[in-house]
Amino acid sequence: MVSYPATTETISLAQEANSSEAIQILYQVLEDPSSSPEAIRIKEQAIANLCDRLTEEKRGEDLRTLLTKLRPFFSLIPKAKTAKIVRGIIDAVAKIPGTTDLQITLCKEMVEWTRAEKRTFLRQRVEARLAALLMENKEYVEALALLSTLVKEVRRLDDKLLLVDIDLLESKLHFSLRNLPKAKAALTAARTAANAIYVPPAQQGTIDLQSGILHAEEKDYKTGYSYFFEAFESFNALGDPRAVFSLKYMLLCKIMVSQADDVAGIISSKAGLSYVGPDLDAMKAVADAHSKRSLKLFENALRDYKAQLEDDPIVHRHLSSLYDTLLEQNLCRLIEPFSRVEIAHIAELIGLPVDHVEKKLSQMILDKKFAGTLDQGAGCLIIFEDPKADAIYSATLDTIANMGKVVDSLYVRSAKIMS
């Protein structure tokens, strides 16, 4: 078997070879016992090339094994370079689809190693990455426990850049757990830390995106739109794939404030045309349905673009409330001419299943959207006249209140006379 030393010629040979041969050559370069500065530099280059090759072939387990094999080499190079290589290999594994569990295992192994080696700087960053992976895997309790310990430690060290990442992650985690007050508090902490340092555009875009999501959750769609626009500009300038999600949420805000007519204009703008695809088509279909007040078109959009609408939790949550509003408006319009009507007839007019319509009507009655009752035996809806408030009750209450004031006034005067 041919031996390949850690030289520039060997790296050039690996670059010219096919993938499997190149991987074998690069592994042998790393096994070279030489620890001279030149050999170390060549080995660092070999690690970068090997990562690229293994990622292309989707060999996630081999990347994990490589990281374990490199531990003796890490003692020969500065800690900053070690951190760069470790994070580079973890990023390489992340590029391989369906490796979330492998990434979690890999991060846990690296946390144990960094703790044993007392590499605090690297451990904190790997733990932050682990918390993000646990959140992605919906292991919220474990992620929250890890973050609560980590955030105290990082605040003590006053590492502002990492603190911004951790606070942002904590905000996303609390939002996933539907704890809005804590999500807002964590986002405020992230903004405070970001104001004290230079924040890279990608990270600033992430802060704006999270701000928009929280404002939209509180039904403040106009403010949410402005944050999504800021995030879109940041991501668009960087060519970040999250730009399309920012644009999608911008369109969602327009629809939610009943400005669905603006959606087509935004999509056909110079920036919007760069991202034309299923995500924007889905929002355009919803906007058309909203403009026409058509539940049928709305349901068609939800069915045709399930991945873009229902599988996106943020969009799905807002569209659910929009669907309910549209359904209520349509039902109120249909039952207005009647005092008694068959539920089956309403279902036929609106084009929805009878049981679905019946359930919604009962909910609207309980919410006092209109006065009526369901006669389930006859399958009818009976609508009552809007009860007129009797003015005598409010007048009586006002009279009693005024009498009370008079009695109090007389009591004060008598007390003064007696004294």
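Note on segment 230-287: residues that are assigned to a helix (DSSP H, G or I), touching a Phe, Trp or Tyr at 6+ places or on another chain (Cβ under 8 Å) and open to solvent by 30 Å² or more (accessible area, probe 1.4 Å) amount to 6. For segment 111-142, filtered to residues that are closer than 23 Å to Ala80 by Cβ and of a type in the set (Ser, Thr, Tyr), the residue that is surrounded by the most Cβ atoms within 10 Å (Cβ to Cβ) is Thr114. Helices (runs of 4 or more DSSP H) fully within segment 1-69 that include at least 3 residues being surrounded by fewer than 20 Cβ atoms within 10 Å (Cβ to Cβ) and in contact (Cβ under 8 Å) with a residue 60 or more places away in the chain: none found.
Among residues of segment 130-148 that are farther than 14 Å from Ser171 by Cα, those with a Cβ under 7 angstrom from a residue that is among the hydroxyl-bearing types (Ser, Thr, Tyr), sequence gap 6+ or separate chain, pair up as Leu133/Thr100; Asn137/Thr100.
Elements of the type helices (runs of 4 or more DSSP H) sitting completely within segment 79-136 and holding at least 3 residues that are under 14 Å from Leu66 (Cα atoms) and within 25 Å of the chain's Cα centre (by Cα): these cover 79-94, 100-116. For segment 236-274, a residue qualifies if it is of a type outside the set (A, V, I, L, M), closer than 22 Å to Ser291 by Cα and over 23 Å from the mean Cα position of the chain (by Cα), and the qualifying residues are Ser258, Gln259, Asp261, Asp262, Gly265, Ser268, Ser269. Any chance segment 145-154 includes a residue that's among the small types (Gly, Ala, Ser), surrounded by fewer than 22 Cβ atoms within 10 Å (Cβ to Cβ) and assigned to a helix (DSSP H, G or I)? Scanning segment 145-154 turns up at least one residue that is among the small types (Gly, Ala, Ser), surrounded by fewer than 22 Cβ atoms within 10 Å (Cβ to Cβ) and assigned to a helix (DSSP H, G or I).
Of all the numbered requirements in (1) closer than 30 Å to Val257 by Cβ; (2) in contact with an Asp or Glu (Cβ under 9 Å, 6 or more places away or on another chain), Ser362 misses one, and that requirement is (2).
The values are calculated or read from the model by the stated rules, or taken from the named source; none is laboratory data. On a predicted model such as this, the values are computed, not experimentally measured, just so you know. Cβ atoms come from the backbone with ideal geometry, glycine included; neighbour counts cover every protein chain shown. Just so you know, the surface numbers come from the protein's heavy atoms only, side chains and all, with ligands and any DNA or RNA stripped out. Shrake-Rupley method; radii C 1.70, N 1.55, O 1.52, S 1.80 Å.
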